[in-house]
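The values are calculated or read from the model by the stated rules, or taken from the named source; none is laboratory data. The model shown is predicted, which means the values in this text are computed figures rather than measured ones. A quick note on method: Cβ atoms are made from the backbone with ideal geometry, for glycine too, and the neighbour counts reach across all protein chains shown. For the accessible areas, the whole protein counts, side chains as well, though only heavy atoms, and no ligand, DNA or RNA atoms are used. Shrake-Rupley method; radii C 1.70, N 1.55, O 1.52, S 1.80 Å.
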Amino acid sequence: MVVTIRSLGLQGITGYEVSVECALSGGLPAFDVVGLPDAAVKESRERVRAAIKGCGAKFPVSRITVNLAPAALRKEGTVYDLPILLGILAAQGEIDPPPEDAAFLGELSLTGALRPITGTLPMAMAARRAGIRTLYVPAENAAEATLAGDLAVYPAENVGELLDHLRRGGTIQPARPWVPERDIQPGPDFAEVMGQENVKRALEIAAAGGHNILLIGSPGAGKSMLARRLPSILPDMTRQEALEATEVWSVAGLTDRRHPLLTRRPFRSPHHTVSAVALAGGGTYPRPGEISLAHNGVLFLDELPEFSRDALEVLRQPIEDGEVTITRTAGSVRLPSRFMLVCAMNPCRCGWRGHPSGRCSCTEAAVEKYVSRISGPMLDRMDLHVEVPSVEFEAMRRRETPESSADVKARVDAARARQDARFAGTAVSCNAHMTAAMVGSFCALDPSGERILQAAFQRMGLTARSHDRILRVARTIADLEGEEAISAAHLAEAIQYRNTDLLRR
């Protein structure tokens with residue numbers, strides 16, 4: 001007898017349906033799993049055997065063949081333990097075959113307890129697309145599975161409980177759709193930062209338009225402190241953005257029962273020793289890297305010149321395309337990587353070039369060597385280059401409270417609302433992601449603006465990319481001011497943020 005149990009698998013971060021076909025036949029006892037299983041799937045034989053005996057059922061003394069279809073796609077992980085167990089029990093008549101619109105996921109312990117798995121959300125969303133209406137998952141993953149919507153999700157603690165439910169019905173109640181609790185935990189706030197008003201203004205512009213930003217300054221000026229407060233002024237994620245980001249985190253195993261959905265934009269800050277593979281994603285079986293974990297959020301690279309050249313150059317294509325394609329022998333996957341890139345660096349190796357103390361000991365050749373670690377194409381992809389000066393004593397001792405993140409965020413939200421109306425019906429969500437055609441349509445300049453941009457283009461040696469990025473930033477500045485047209489003042493402010501001489505003076 002052949003019994004088919006519906007289950008699901010992952011290819012990259014995309015779920016797909018898997019049919020677990022179990023057949024019992026005569027011959028010498030054997031237990032074979034076919035359909036391109038990896039080592040973890042093959043080892044399910046021993047977990048399933050022990051779990052069946054542990055729940056009081058009889059393990060069949062016959063030839064057992066399990067096929068995971070489609071056989072052309074490689075199957076990974078421990079997610080197929082539960083459907084294999086149910087298929088064997090149904091094939092020998094211990095239980096009735098489950099309904100056709102039901103699917104099962106879960107890793108088994110030797111005692112029959114169900115352990116949590118990774119990638120539950122993308123698999124649950126694939127189940128919904130495949131017409132599955134009932135999904136059985138480990139109790140730890142139930143909250144996450146409910147996020148897919150239009151699914152009856154049943155949380156199971158162990159095999160015995162699940163078998164009792166399948167035989168009698170109604171012993172396990174469907175999980176309630178998970179609703180996030182109100183986040184009352186305060187995060188870092190701009191009100192804690194004294195001085196640096198010019199940098200705060202640049203970060204506000206970056207947040208309002210989703211632009212990349214490079215902070216340049218001496219040690220202790222507050223570059224990292226300011227960057228870590230950027231999420232406090234970013235607009236809230238939409239439901240779709242939250243689900244997209246959570247899918248990546250789910251596959252990486254970073255979600256849990258209490259926090260199945262990302263409610264804040266991700267902020268990733270890898271150490272400068274990170275490899276290109278860890279940054280972009282990959283491995284024998286491709287997995288998300290830091291740039292995908294920062295999807296719809298912020299990727300912060302502190303001490304930018306200390307990152308390896310390979311790691312930095314791997315960012316160039318994802319910054320432009322919003323996704324990264326990873327190709328390995330096992331296959332090719334596309335991973336989302338639409339993020340704000342925020343970088344911080346010192347002006348020289350010792351860090352004190354341009355500091356009022358005059359303590360810098362670097363030669364011009366040493367400065368040039370240090371700065372040249374960042375390629376021209378990478379610098380060209382940074383929309384705003386901002387100098388972070390040393391904080392003066394008077395600014396540190398003043399008594400008035402600086403503007404709070406909530407006040408800045410209100411202006412950012414208003415600017416994003418204008419962009420939402422402008423880009424309604426398109427895949428573009430903010431000014432930084434405008435296509436070239438949109439730049440031509442939404443960033444028109446008056447004659448004075450044309451003259452300013454032409455002079456800057458010739459004097460600064462701008463590229464076509466930097467030309468469009470200046471216009472996108474100018475569009476954001478106009479949105480912050482509530483203006484429909486880009487004025488000469490908006491354009492002039494955008495041009496001053498392209499001052500690459502900050503790295504060499």
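Model label sites at residue 450 and residue 16, defined 7 Å from Cα along the beta-carbon direction, differ in position by 5.3 nm.
Our note on the geometry: Cα centres of the stretch 337-373 and the stretch 217-246, 23 Å apart. Taking each residue as 0.36 nm, the span from residue 192 to residue 100 lengthens on full extension beyond its C-alpha to C-alpha distance by 27.4 nm.
At R0 = 41 Å, how high is the FRET efficiency between residue 225 and residue 129 if r is their beta carbon distance? Nearest 0.05 is fine. Approximately 0.40, to the nearest 0.05. Between residue 258 and residue 111, the simple label model (points 7 Å from Cα in the Cβ direction) yields a spacing of 2.3 nm. The Cα center of the stretch 6-25 and the Cα center of the stretch 58-136 differ in position by 7 Å.
Report, to the nearest whole %, how much of the accessible area of the chain belongs to carbon and sulfur atoms, 1.4 Å probe, protein only.
Values: 11170 of 22340 Å².
Of all accessible area on the chain, carbon and sulfur atoms account for 50 percent.
By the Cβ distance rule of under 4.7 Å, the chain has these cysteines without a partner: 22, 55, 343, 350, 360, 430, 443.
Is the shape of the chain best called rounded, prolate or oblate, per the rule: a/c under 1.5 gives rounded, else a/b larger than b/c gives prolate, else oblate, with a ≥ b ≥ c the square roots of the Cα gyration tensor eigenvalues?
Prolate.
At a Förster distance of 22 Å, what's the computed FRET efficiency of residue 391 paired with residue 303, Cβ-Cβ distance as r, to 0.05?
Working: r = 20 Å, r/R0 = 0.89.
With a Förster radius of 22 Å, E is 0.65.
Beta bridges from DSSP with both residues in the chain: antiparallel share about 45 percent, rounded to the nearest 5.
Rounded if a/c is under 1.5, else prolate if a/b is larger than b/c, else oblate: which is the stretch 278-420, with a ≥ b ≥ c the root eigenvalues of its Cα gyration tensor? Oblate shape, in that a/c is at least 1.5 and b/c is the bigger or equal ratio. Taking a ≥ b ≥ c as the square roots of the Cα gyration tensor eigenvalues, with a/c under 1.5 meaning rounded and otherwise prolate when a/b beats b/c, else oblate, which class fits the stretch 196-290? Judged from the Cα gyration tensor, the stretch 196-290 comes out oblate (a/c at least 1.5, b/c at or above a/b).
By how many nm would the segment from residue 357 to residue 483 grow when fully extended, if each residue of separation counts as 0.36 nm and the alpha-carbon distance is taken off?
Once the chain is fully extended between residue 357 and residue 483, it gains 41.1 nm.
Per residue, the accessible area of the chain comes to 44 Å² when a 1.4 Å probe rolls over the protein heavy atoms.
Work out, step by step, the length gained on full extension between residue 181 and residue 401: first 0.36 nm times the residue separation, then minus their alpha carbon distance; give nm to one decimal.
Values: separation 220, 0.36 × 220 = 79.20 nm, distance 2.99 nm.
Length gained, residue 181 through residue 401: 76.2 nm.
Estimated from the Cβ-Cβ distance and a Förster radius of 60 angstrom, the FRET efficiency linking residue 375 and residue 58 is about 0.35. Projected label points at residue 164 and residue 34, each 7 Å from Cα along the beta carbon direction, are separated by 3.8 nanometres.
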